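We did not get these values from a lab; they are worked out from the coordinates using the rules stated. Computed from a predicted structure; not experimentally measured. Ideal geometry is used to build each Cβ from the backbone, glycine not excepted, and the neighbour counts take in all protein chains shown.
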Amino acid sequence: MLKIGIILGSTRPNRIGEQVARWALDIGSRRTDAAFELLDLRDYPLPHLDEPMPPSLGQYQNEHTRQWAEKIASFDGFVIVTPEYNHGIPGVLKNALDFLYAEWNNKAVGYVSYGAAGGVRSVEQLRLVAGELQMADVRQQVPLSLHTEFENYQVFKPGDYNLPTLNTMLDQVIAWSTALEPLRTAATVAA
């Protein structure tokens, strides 16, 4: 069975992203075509990129990098739950992506974003990063507005009209993760 990691891309105190990530996990976990797991970046406290060698070489010297690499390598695809900070990607999420290279390759990725404008600008930047990491980002994304999906901008109360969009995105992540499996297998055999 495919394993899909749901990456919670914020580590801020009082973050609202955990509510969003748990919603995506709850919906995903009802499916029978993949297993879903929440990956909270708080559980992987990576310092600002501190590896002496480029990630593309895969010569990780720090234990925190090796643990992160092992975890990411165990998944077939991802859903990234991201806020939009100042029209862009949260620094902690960008850092987590930059720490690795081969572990991201040939895996699908979808996005659930939130912010004043639904987090769409963060996702646009993440799509560029995903391309460089040789990930297949899916078309459907789930943009959640702070104005309509959060009570007092703090309590996540998604409308049911978000479910078809979320399920379509999950369908696409699973389909692409399945399609990319031969490339992941070939890369593992070659290594």
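Say a paramagnetic label sat at a point 7 Å from the Cα of Thr178, along Cα to Cβ; which residues of the range 1-26 have their backbone N under 18 Å from it?
Residues 1-5 fall inside that zone.
Where does the charge balance sit around Glu124 when Lys and Arg score +1, Asp and Glu -1, over other residues with C-beta under 12 Å from its C-beta? Walk me through the numbers before you get to the answer.
Working: positive: Arg121, Arg127; negative: Glu84, Asp137.
Its environment carries a net charge of 0.
For Val109, which sequence-distant residues (separation of 5 or more, or a different chain) have an amide H within less than 5 Å of its own amide H, given hydrogens modelled in the peptide plane?
Phe78, Ala136, Asp137, Val138
Please give the net charge around Asp26, taking every other residue with its beta carbon less than 13 angstrom from that of Asp26, where Lys and Arg add +1 and Asp and Glu add -1. If you can, show how the numbers build up before the last one.
Values: positive: Arg22, Arg30, Arg31; negative: Glu18, Glu37.
Spelling it out: positives minus negatives among the neighbours equals +1.
Are there chymotrypsin sites (Phe, Trp or Tyr not before Pro) in the range 128-191 that DSSP puts in a loop and that have at most 11 other Cβ atoms within 10 Å, and which ones?
Qualifying residues, ordered by number: Tyr153.
Pull out the extension gain between Ala73 and Ser29, defined as 0.36 nm times the separation in residues minus the alpha carbon to alpha carbon distance; nm, one decimal.
Full extension from Ala73 to Ser29 adds 13.8 nm.
How large is log10 I(q)/I(0) at q = 0.21, 0.23, 0.24 Å⁻¹ when the Debye formula is applied to the Cα atoms of the range 88-191, each weighted equally and without solvent?
The calculated log intensity ratios at q = 0.21, 0.23, 0.24 Å⁻¹ are -1.12, -1.23, -1.27.
Using 0.36 nm per residue, how much length does the chain from Glu132 to Asp50 gain when fully extended, once their Cα-Cα distance is taken away?
Working: separation 82, 0.36 × 82 = 29.52 nm, distance 2.00 nm.
Computed gain between Glu132 and Asp50 is 27.5 nm.
May I ask for the net charge around Pro143, where only other residues with Cβ less than 12 Å from the Cβ of Pro143 are counted and Lys, Arg are +1 while Asp, Glu are -1?
Working: positive: Arg121; negative: Glu84, Glu124, Glu149.
Charge balance in the 12 Å sphere: -2.
Based on the Cβ-Cβ distance from Gln154 to Gln125, what FRET efficiency comes out when R0 is 25 Å, to the nearest 0.05? The partial results should precede the final answer.
Working: r = 25 Å, r/R0 = 1.00.
E between Gln154 and Gln125, to the nearest 0.05, is 0.50.
How many angstrom separate the Cα center of the range 10-76 from the Cα center of the range 116-136?
16
How much of the calculated P(r) for the chain lies past 23 Å, in percent of all Cα pairs?
I get 39 percent for the Cα pairs in the chain exceeding 23 Å.
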